[in-house]
Amino acid sequence: MTDCIFCKIVAGQIPCKKVYEDEELLAFHDIHPWAPVHVLIVPKAHIESHADLTDAHAQLAGRMMVLAPQLMKQLGVSGGFRTVINTGRDGGQEVMHLHMHVMGGPRPWSKG
Ligand code: 5GP
Ligand code: ZN
């Protein structure tokens, strides 16, 4: 997956503003934030999109979901947040490595 931007970030070949890391997940600030706080949660393994998840990924997917509110709390977001997963061309997915957007902070936001 040498052309995948998020695999390169996971491998440390492209820098990121990291907010969380464990054996299977990485979270970092989006380079073009839509909201005062905008992070991306990605699996370290290259999974192309939400459409590629199988039963074998259930725990991993659940951990992404559970991590989102923990990160918002850690980053001082107290008024709620939005989670978004864009999937495939029609879903508006631009980076073809599964990622969950987690956005929060006071309105107005630049987008969303
Ligand atoms: P998508 O449209 O695929 O759901 O969202 C991809 C997101 O990745 C966009 O919000 C974009 O700003 C972010 N992004 C793309 N390239 C980079 C990068 O090199 N570093 C970081 N931190 N975010 C990126
Ligand atoms: Zn990848």
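The values are calculated or read from the model by the stated rules, or taken from the named source; none is laboratory data. Just so we're clear, the structure is a prediction, and the values are computed from it rather than from any experiment. Please note: Cβ atoms are built from the backbone with ideal geometry, for glycine as well, and neighbour counts cover all protein chains shown.
Which residue, of F28, F81, is away from ligand 2 (no atom under 16 Å from the Cβ) and at pLDDT 95 or above?
F81
Pull up the stretch 18-48, narrow it to residues that are hydrophobic (A, V, I, L, M, F, W, C) and in a loop (DSSP other than H, G, I, E, B), then point me to the one that is nearest to C7 (Cα to Cα).
A45
Being in contact with a Lys or Arg (Cβ under 9 Å, 6 or more places away or on another chain), surrounded by 15 or more Cβ atoms within 10 Å (Cβ to Cβ), touching a residue at least 40 places away in the same chain (Cβ under 8 Å) and closer than 17 Å to F6 by Cβ: is that true of H101 here?
yes
Only one of G76, G91, G104 is at positive phi and either modelled with pLDDT of 95 or more or in contact with a strand residue (DSSP E or B) (Cβ under 7 Å, 6 or more places away or on another chain) (or both); which?
G76
Taking the stretch 49-73 as the search range and keeping residues that are assigned to a loop (DSSP other than H, G, I, E, B) and surrounded by 15 or more Cβ atoms within 10 Å (Cβ to Cβ), which one is farthest from ligand 2 (Cβ to nearest atom)?
Out of the qualifying residues, it is L53.
The rows are residues; the columns are (1) more than 13 Å from the chain's Cα centre (by Cα); (2) away from ligand 1 (no atom under 11 Å from the Cβ); (3) not β-branched (V, I, T).
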position: D3; (1), (2), (3): yes, yes, yes
position: H29; (1), (2), (3): no, no, yes
position: H38; (1), (2), (3): no, no, yes
position: I47; (1), (2), (3): no, yes, no
position: I85; (1), (2), (3): no, no, no
position: M103; (1), (2), (3): no, no, yes
position: P108; (1), (2), (3): yes, yes, yes
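Is there any pair with a first residue in the stretch 1-17 that is among the hydrophobic types (A, V, I, L, M, F, W, C) and a second that is modelled with pLDDT under 95 and part of a loop (DSSP other than H, G, I, E, B) whose Cβ atoms are under 7 Å apart and which are 6 or more apart or on different chains, and what are they?
C7/M1
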